[in-house]
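Heads up: the structure comes next, in C-alpha cells.
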Amino acid sequence: MSKSEKFILMHIGSSDSKEFLTDALNNQGVERGLIMNSALNEMITNHFRLIKERGYYPVGMIIDPNTTNVEFLFKRHAHQTQTMKLAEFKNPTPTKI
C-alpha cells in the first residue's frame, strides 16, 4: 500500500445495498466471504452513534492508514445547535483524496 492510498467507506441504505452487491459481484469481479474477527464494527457503530446524537447524519468515512484520524462524511441535521457541534475543519480541497 502506498503512502498516499486511503480508504473510502460509504454507508449504503438497505434499499440500495442489494443492487450495489449484485453489480459488484456480477460485473466488477468482486468476491465476498473473507471474514475476520474484529472490534472494528463495534468501533464504527459507536462513532456513528455519537455523531448522530450530535446532529450529524454520517454517510461515510475516509480512513488514512498513515494516521489515527478518521474523517466522516456527513449531512447536517436541520436543528443541530452550535453546542451540539463537534470539532470541524473546512477542507480547502474537499474532493481531493
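The values are calculated or read from the model by the stated rules, or taken from the named source; none is laboratory data. Since this is a predicted model, take the numbers as computed values, not measurements. Virtual Cβ from ideal backbone geometry, glycine too; neighbours counted across all protein chains shown.
Brief remarks follow.
- Residues of segment 18-59 satisfying the condition of being under 16 Å from the mean Cα position of the chain (by Cα) and of a type in the set (S, T, N, Q): Asn41, Thr45, Asn46
- Of the residues making up segment 63-81, those that are surrounded by 14 or more Cβ atoms within 10 Å (Cβ to Cβ), touching a strand residue (DSSP E or B) at 6+ places or on another chain (Cβ under 7 Å) and either of a type in the set (Asp, Glu) or under 15 Å from Ile12 (Cα atoms) (or both) are Glu71, Phe72, Leu73, Phe74.
- Selected residue (criterion: nearest to Leu86 (Cα to Cα)) from residues of segment 36-62 that are small (Gly, Ala, Ser) and loosely packed, with under 10 Cβ neighbours inside 10 Å: Ala39
- Residues being among the β-branched types (Val, Ile, Thr) and at pLDDT 95 or above - total across segment 47-73: 1
- Cross-chain or 6+ apart pairs with Cβ under 8 Å, segment 12-23 first and farther than 17 Å from Val59 by Cα, then outside any helix (DSSP H, G or I): Leu21/Arg32
Every residue, every condition in (1) more than 16 Å from Lys75 (Cβ to Cβ); (2) aliphatic (A, V, I, L, M); (3) in contact with a Phe, Trp or Tyr (Cβ under 8 Å, 6 or more places away or on another chain), yes or no:
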site	(1), (2), (3)
Ser14	yes, no, no
Glu19	yes, no, no
Asn37	yes, no, no
Ile51	no, yes, yes
Gly55	no, no, no
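- If only residues of segment 34-80 that are in a loop (DSSP other than H, G, I, E, B) and in contact (Cβ under 8 Å) with a residue 40 or more places away in the chain are counted, the one that is nearest to Lys6 (Cα to Cα) is Asp64.
- Verdict on Leu86 being in a loop (DSSP other than H, G, I, E, B), in contact with a strand residue (DSSP E or B) (Cβ under 8 Å, 6 or more places away or on another chain) and not polar (S, T, N, Q): yes
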